[in-house]
Each structure stands twice: as structure tokens, then as C-alpha cells.
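The values are calculated or read from the model by the stated rules, or taken from the named source; none is laboratory data. Since we're looking at a predicted model, the values are computed, not measured. Cβ atoms come from the backbone with ideal geometry, glycine included; neighbour counts cover every protein chain shown. To get the accessible areas, we keep the full protein, side chains included, count just its heavy atoms, and leave off ligands, DNA and RNA. Shrake-Rupley method; radii C 1.70, N 1.55, O 1.52, S 1.80 Å.
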Amino acid sequence: MASTSRGDILPKVQCPNHPDALLVEDYRAGDMICPECGLVVGDRVIDVGSEWRTFTNEKATKDPSRVGDAQNPLLNGGDLTTMISKGTGAASFDEFGNSKYQNRRTMSSSDRAMLNAFKEITTMADRINLPRNIIDRTNNLFKQVYEQKSLKGRSNDAIASACLYIACRQEGVPRTFKEICAVSRISKKEIGRCFKLILKALETSVDLITTGDFMSRFCSNLGLPKQVQMAATYIARKAVELDLVPGRSPISVAAAAIYMASQASAEKKTQKEIGDIAGVADVTIRQSYRLIYPRAADLFPPDFKFDTPVDKLPQL
């Protein structure tokens with residue numbers, strides 16, 4: 001007898017003797033088999049993929065799929081639908097020439113709204129090269145918020161953008177509000193409002209962002225070598241430990257650390273170049289830089305190779 005554990009979306013079929021074993025699916029027989037002991041833990045498994053085989057003389061210009069889209073567990077009913085093609089024979093029409101078999105829009109308005117939101121989430125994630133697990137978590141968050149109806153009056157695009165921001169932070173690859181705003185049609189202020197409302201509605205939380213969350217991505221986009229990246233990471237961490245930047249956002253501290261490390265190396269970058277990548281203003285970088293500059297000698301790693309001495313760094 002197969003055991004099932006209730007997951008977040010669908011029941012999970014697993015072998016009672018080997019729950020961690022990856023089951024093998026026999027597509028021909030429709031069975032799920034445990035590779036460890038050979039136990040059939042599920043039978044008559046339905047293949048929800050597209051059926052590309054055709055039994056007629058239809059040309060390649062016609063879509064041979066007869067089962068519709070793949071199953072979507074986030075939609076009510078799993079989005080299991082069948083589309084009837086346009087009839088060609090006399091038996092397909094009644095005496096008045098009307099088609100006997102017609103497709104009806106069986107998808108509910110709520111499913112249609114969620115499907116549109118899922119497409120928007122995928123589009124935004126693709127623009128900033130986010131992996132599939134981020135998209136899946138965002139879709140789940142949006143479904144929870146949508147079904148709770150706790151954010152009435154907010155647009156679905158704003159909710160989707162905020163869910164994407166939360167999913168990135170929960171998965172350990174945070175993005176800034178400005179980065180999310182750049183790939184959506186929603187203002188930064190509205191995304192921030194929805195972000196707070198969603199955390200309250202779902203009673204969830206996100207880890208605090210640190211300077212290290214953005215350092216590697218910012219340095220990579222600026223084309224800085226590994227030595228400068230490591231130095232900037234060290235500078236930002238020491239500045240926080242010494243409490244030199246109280247009240248400053250991690251993004252502005254990271255930008256200031258990158259500026260200081262690059263100015264001390266041969267790969268110098270301007271405030272504007274760093275600001276464009278980090279999404280912060282030049283004046284914000286200068287303010288954070290002025291806070292850490294007096295202790296610059298204590299912030300660099302011991303093995304850093306200076307191209308410009310500490311006492312020759314810009315004072316701004």
C-alpha cells in the first residue's frame with residue numbers, strides 16, 4: 001500500500017518502505033514503481049503531458065495536441081480542459097448550418113485572473129534572469145493572497161510584483177525594489193505598500209538583507225575582478241561591525257564599499273557607474289562613503305594589493 005504525504009499543493013506518492021527513493025514511472029503501464037524494492041506504489045497514472053500523435057491525415061500545419069495544456073495545480077480543477085476542433089464533415093453541422101459541437105469558456109474569472117498574473121510573473125522573472133524555483137514560489141504566494149482576498153483594491157500586477165520581491169528574498173537571492181520596478185509597470189511606492197500588506201496577510205517574514213546579498217552581482221555587472229569584490233565585501237562587513245554606517249541601507253553601504261575598493265585598485269569606477277548598477281543616487285554613495293572614509297585604513301583586508309594608497313583615496 002502506497003503512503004501519501006500532504007504537500008503544499010498535491011499529495012506526494014512515496015514508497016512506505018523507502019520514502020526517500022525516487023519513483024520510476026512506467027509510462028506504458030501507467031505505474032509508479034519503487035526502484036529499491038520494486039513495489040508498485042501507484043497505478044493508472046495519468047500522463048498530463050501533450051499528446052503529439054495523430055491518427056488522421058492532418059497536415060503538420062495543424063496542432064496534433066488532443067489533451068490541451070499541461071496540468072496546472074495552482075488553478076481550480078487543475079486546468080483540465082478539452083478543445084474541440086472545427087468540424088469539416090456534414091455530421092458536424094445541424095440542419096441550419098450551425099456547428100453541433102462548440103467550445104465553451106469553462107475557465108472561471110478567478111482562474112483567468114490568476115493565469116494572467118502567472119504570465120506576468122514569468123515575464124518579469126525572465127527579464128532579470130530568475131530561475132524556475134523563484135517563479136514557482138511567486139505563483140504560490142500570489143495564489144494565497146488572491147484566495148484570501150485580503151488586498152482588495154490593489155491591482156494584480158502590483159501584488160504579483162510584491163510577491164516576486166518576497167520570493168527572491170525568501171530564496172536567498174534578493175533583488176532591490178528598483179530592480180523589480182524596472183521590469184514591472186508598477187511604481188516603487190506601490191510595490192512597497194503591497195509588500196508590507198502581504199507579509200501581514202500571510203503572517204510570514206523575510207530575512208533581513210545584508211551587503212553581501214548584492215555584492216557579487218553588483219561587482220560582476222561592473223566587470224570588477226575577484227580581488228576587488230572580496231575587498232569590497234570585507235570593507236562593507238567591517239563598516240557594519242564597527243557601526244560606522246548606522247541607519248544606512250545595505251545597498252548604499254555596498255555601493256560605497258565598492259567605490260572605495262575600486263578607487264584603491266587599478267580598476268577604478270566612478271560614483272555614477274556604481275550608482276547605475278546599484279540603483280542608488282550619487283549623493284547617497286557619497287554620504288555613506290564619508291562615514292567610512294575616516295576609518296579606511298582599518299577596513300581593507302590585510303592581503304589587499306593597493307594601486308592607490310589609503311591616504312590618496314578621494315575625500316569627497
From the Cα centre of the stretch 301-316 to that of the stretch 226-267, the distance in Å is 13
Given Cβ charges of +1 for Lys and Arg and -1 for Asp and Glu, the option among 274, 244, 258 whose Cα lies farthest towards the positive end of the dipole of the stretch 175-316 is 274
The FRET efficiency for residue 227 and residue 133, from their Cβ-Cβ distance with R0 = 30 Å and rounded to 0.05, is 0.40
accessible surface per residue for the stretch 204-316, probe 1.4 Å, DNA/RNA/ligands not counted, whole Å² -> 50
Simple spin-label estimate for residue 206/residue 312, 7 Å along Cα→Cβ, in nm, reads 4.2
With +1 on the Cβ of every Lys and Arg and -1 on the Cβ of every Asp and Glu, the dipole magnitude of the stretch 107-249 about its Cα centre, in debye rounded to the nearest 20, is 320
Note: residue 220 to residue 243 extended length (0.36 nm per residue) minus current alpha-carbon separation gives 5.6 nm
Log entry: pair-distance distribution for the stretch 181-316, C-alpha pairs binned every 10 Å from zero, whole % per bin is 12, 41, 30, 13, 4, 0
Taking R0 as 51 Å and r as the Cβ-Cβ distance between residue 115 and residue 90, the FRET efficiency 1/(1 + (r/R0)^6), rounded to the nearest 0.05, comes to 0.90
